[in-house]
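Each remark here refers to the structure printed beneath this line.
The values are calculated or read from the model by the stated rules, or taken from the named source; none is laboratory data. These numbers were taken from a predicted model, which means no experiment stands behind them. Because the Cβ atoms are built from the backbone with ideal geometry, glycine has one as well, and the counts that use them run over all protein chains shown. These accessible areas exclude ligands, DNA and RNA; they are computed on the full protein's heavy atoms, side chains included. Shrake-Rupley method; radii C 1.70, N 1.55, O 1.52, S 1.80 Å.
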Amino acid sequence: MLKVGLTGGIGAGKSEVSRLLVACGAVLIDADRIAREVVAPGTPGLASVVEAFGEEILAADGSLDRPRLGAIVFSDAEKLSTLNSIVHPLVGARSRELEEAAAEDAVVLHDVPLLTENGLAPLYDLVIVVDAAPETQLDRLVRLRGMTEEDARARMAAQATREQRREIADIVIDNDVPLEELEQRVKDVWAELVRRSQASRTSVAE
């Protein structure tokens, strides 16, 4: 099994690269999706969050009101730390379950938005960073996601810098390109991942 960490700044196109790698054959473990699952209605995770922050963080249907919780934690480092201490272990445990369920020869792709910020690179056999120029990121966030320029710049500034992400990368996928070119770049990366996976299995067998 080859464990690959995938990350990139907001608007860099990480989700598209993830989709393309899955189409090639990667097994995807999506940290964001798991983070939503572990605090779904009826879960121990949601009960712990409510215990920590009160029932005002619940929507009318009993689900987590993410904007309301975000407004509470992102302006208070201590509360954000409390939330992370609840959610991160649950996400880690579920990620390990999914990884253990994958085939022995699988290329397991961990899609982790804050991989750089949380110092998680050592957990993976290699790290792929999807990279794009800041002006490209800004254009995509404003034009495609409908953010205001101010909000987009604030979200970008809250993340690791482009240089910090590239520093931890074993492979950088430049996504300042049309989709057709990105598709070819991802296929080339997939070929390299398969080669590394086969090489690691051969060395273990020896």
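Tabulated data
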| read-out | value |
| --- | --- |
| Residue within the stretch 31-46 that is more than 30 Å from Met1 (Cβ to Cβ), part of a helix (DSSP H, G or I) and modelled with pLDDT of 95 or more present | yes |
| The stretch 8-30, residues that are of a type in the set (Val, Ile, Thr) and either out of contact with any helix residue (DSSP H, G or I) (no Cβ under 9 Å at 6 or more places or on another chain) or modelled with pLDDT of 95 or more (or both) | Val17, Val22, Val27, Ile29 |
| Of the criteria (1) surrounded by 14 or more Cβ atoms within 10 Å (Cβ to Cβ); (2) over 13 Å from the mean Cα position of the chain (by Cα); (3) of a type in the set (Gly, Ala, Ser); (4) under 26 Å from Arg143 (Cα atoms), which one Gly70 fails | (1) |
| Tabulated pairs, the stretch 159-175, first over 17 Å from Ser15 (Cα atoms) and open to solvent by less than 50 Å² (accessible area, probe 1.4 Å), second modelled with pLDDT under 95 and among the acidic types (Asp, Glu), C-beta under 6 angstrom, 6+ apart or interchain | Ala160/Glu117 |
| Filtered residues of the stretch 45-55 (kept if within 15 Å of Leu83 (Cβ to Cβ) and open to solvent by 100 Å² or more (accessible area, probe 1.4 Å)) | Glu51 |
| Test: Gly5 is out of contact with any helix residue (DSSP H, G or I) (no Cβ under 6 Å at 6 or more places or on another chain), modelled with pLDDT under 95 and open to solvent by less than 30 Å² (accessible area, probe 1.4 Å) | no |
| Matching residues in the stretch 135-154 - criterion: being of a type in the set (Lys, Arg) and open to solvent by less than 100 Å² (accessible area, probe 1.4 Å) | Arg140 |
| Index of the failed condition, Ser75 passing every other in (1) under 23 Å from Ala152 (Cβ atoms); (2) open to solvent by 80 Å² or more (accessible area, probe 1.4 Å); (3) part of a helix (DSSP H, G or I) | (3) |
| Close pairs (9 angstrom Cβ cut-off, 6 or more residues apart or separate chains): farther than 12 Å from Glu37 by Cα in the stretch 82-94, among the aromatic types (Phe, Trp, Tyr) and open to solvent by less than 70 Å² (accessible area, probe 1.4 Å) anywhere | Thr82/Phe53; Leu83/Phe53 |
| Positions within the stretch 112-134 being surrounded by 17 or more Cβ atoms within 10 Å (Cβ to Cβ) and not in a strand (DSSP E or B), in sequence order | Val112, Pro113, Leu115, Thr116, Leu120, Ala121, Tyr124, Ala132 |
| Selected residue [surrounded by fewer than 14 Cβ atoms within 10 Å (Cβ to Cβ), under 30 Å from Arg195 (Cβ atoms) and either among the aliphatic types (A, V, I, L, M) or in contact with a strand residue (DSSP E or B) (Cβ under 6 Å, 6 or more places away or on another chain) (or both)] from Ala103, Ala59 | Ala103 |
| The stretch 145-158: number of residues that are in a loop (DSSP other than H, G, I, E, B) and free of Cβ contacts under 8 Å to residues at least 24 places away in the same chain | 4 |
